[in-house]
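**Student:** The following block contains the structure, expressed as structure tokens.
A short reminder: the numbers here are calculations on the coordinates, not readings from a lab. Since the model is a prediction, treat every value here as computed from it, not as a measurement. All Cβ positions, glycine included, derive from the backbone under ideal geometry; neighbour counts span all protein chains shown.
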Amino acid sequence: MRKKIVAGNWKMNKNLQEGIELAKELNTMLSADKPNCDVVICTPFIHLASVAPLLDSQLIGLGAENCADKASGAYTGEVSAEMVKSTGAQYVILGHSERRAYYHETNEILKEKINLALANGLKVIFCIGEVLEEREAGKQNEVVKAQLEGSLFDLTGDEFSNIILAYEPVWAIGTGKTATSDQAEEMHAFIRGVIAEKFGKDAAENVSILYGGSCKPSNAKELFAKPDVDGGLIGGAALKAADFKGIIDAWK
């Protein structure tokens with residue numbers, strides 16, 4: 001059975017003290033009421049080493065929001081996969097639509113990041129998805145397939161087993177537009193088909209595909225009921241413990 005996962009992406013929010021408080025609050029909440037899925041929080045780099053010892057790793061996994069496409073060296077301001085791993089984190093988000101759009105991360109750059117993350121023992125939450133113009137032109141499938149091919153198709157089957165996919169309809173993030181649960185399911189099923197063609201039926205059945213487009217406590221249950229939706233990559237609702245818990249509880 002593939003894993004059900006709810007992952008929080010804090011983005012550039014919460015100073016260190018606020019982040020520590022939120023992590024403690026989540027840990028306390030989930031200790032009192034055990035989740036029925038895997039839970040991961042992905043925080044800014046500066047939080048990782050402070051938050052890691054506060055979490056019960058049986059309840060909450062810890063991840064970074066990015067890592068560098070180089071192993072080490074004179075890259076001022078960058079944080080390597082090895083550094084992320086050394087904090088106690090187990091996951092890293094790569095290919096988020098904001099990284100692709102604002103920092104011009106290409107499929108090739110992301111391939112380097114993925115290889116380094118996997119080489120350092122991190123599990124990768126790899127984001128894919130189309131923007132509004134691509135959706136309106138009916139190109140969403142080819143865009144998503146190209147993102148998968150460009151960054152993941154050099155991996156071995158063993159390496160691919162450490163990938164979690166997250167589908168983000170970029171047009172449904174912070175725009176007021178929402179993908180329906182049927183639209184989410186349609187794309188998740190397509191993605192699973194692409195993976196089956198490349199890595200085989202077992203790999204496709206076992207890969208968790210998260211939905212990352214304005215998932216909230218109010219719509220999580222409907223989304224998670226779809227056969228190919230294995231959880232959510234949560235933005236805004238991950239910044240309040242009660243909201244994040246509401247989404248986690250959609251699996252109960």
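**Student:** Segment 54-89 to segment 145-192: how many Å between their Cα centroids?
**Tutor:** 23
**Student:** Please give the FRET efficiency for Asp154 paired with Lys216, using the beta carbon to beta carbon distance and R0 = 30 Å, rounded to the nearest 0.05.
**Tutor:** That gives a FRET efficiency of 0.25.
**Student:** Tell me, what is the FRET efficiency for Ala225 and Leu59 to the nearest 0.05, using R0 = 22 angstrom and their Cβ-Cβ distance as r?
**Tutor:** Working from the Cβ atoms, E equals 0.40.
**Student:** Could you check which residue among Lys198, Lys85, Lys11 shows the biggest mean-square fluctuation in a GNM of the chain with a 10 Å Cα cutoff?
**Tutor:** Fluctuation is largest for Lys198.
**Student:** For the cross-link pairs Lys4/Lys113; Lys198/Lys245; Lys145/Lys221; Lys11/Lys245, which exceed 30 Å when the distance is taken from alpha carbon to alpha carbon?
**Tutor:** Lys198/Lys245
**Student:** Report the label-to-label distance for Tyr103 and Asn13 in nanometres (one decimal), using points 7 Å from each Cα along the Cα→Cβ vector.
**Tutor:** Distance between the two pseudo-spin positions: 1.9 nm.
**Student:** If eta is 0.692 mPa s and T is 37 °C, what Stokes-Einstein diffusion coefficient results for segment 24-145, Kirkwood Rh from Cα pairs, in µm²/s?
**Tutor:** Translational diffusion coefficient: 208 µm²/s.
**Student:** Using modelled backbone amide H atoms (1.01 Å from N, in-plane), which distant-in-sequence or interchain residues come within less than 5 Å of Ile125's amide H?
**Tutor:** Counting only residues 5 or more places away or on other chains, the set is Val92, Ile93, Leu94, Ile164.
**Student:** Now for a separate question. Hey, what did segment 5-251 get for relative contact order, percent, Cα under 8 Å, at least 6 apart?
**Tutor:** The value is 20 percent.
**Student:** Please give, to one decimal in nm, the separation of the simple spin-label points placed at Asn206 and Glu186, each 7 Å out from Cα toward the Cβ.
**Tutor:** Computed distance between label sites Asn206 and Glu186 equals 3.1 nm.
**Student:** Can you tell me the relative contact order of segment 93-191? Whole percent, Cα pairs under 8 Å, sequence separation 6 or more.
**Tutor:** Here the relative contact order equals 31 percent.
**Student:** Among Val124, Leu16, Pro169, whose Cα sits farthest toward the positive end of the charge dipole of the chain (+1 at Cβ of Lys/Arg, -1 at Cβ of Asp/Glu, about the Cα centre)?
**Tutor:** The residue sitting most towards the positive pole is Leu16.
**Student:** Mind listing the Cα extents of segment 5-251 along all three principal axes, in Å, largest one first?
**Tutor:** 46, 44, 34
**Student:** Starting from the Cα of Asn141, step 7 Å along the direction of its Cβ; do the same at Thr76; then give the gap between the two resulting points in nm.
**Tutor:** 4.8
**Student:** For segment 153-210, with equal point scatterers placed on the C-alpha atoms only and solvent neglected, what are the log10 I(q)/I(0) values from the Debye formula at q = 0.20, 0.23 1/Å, to two decimals?
**Tutor:** -0.75, -0.89
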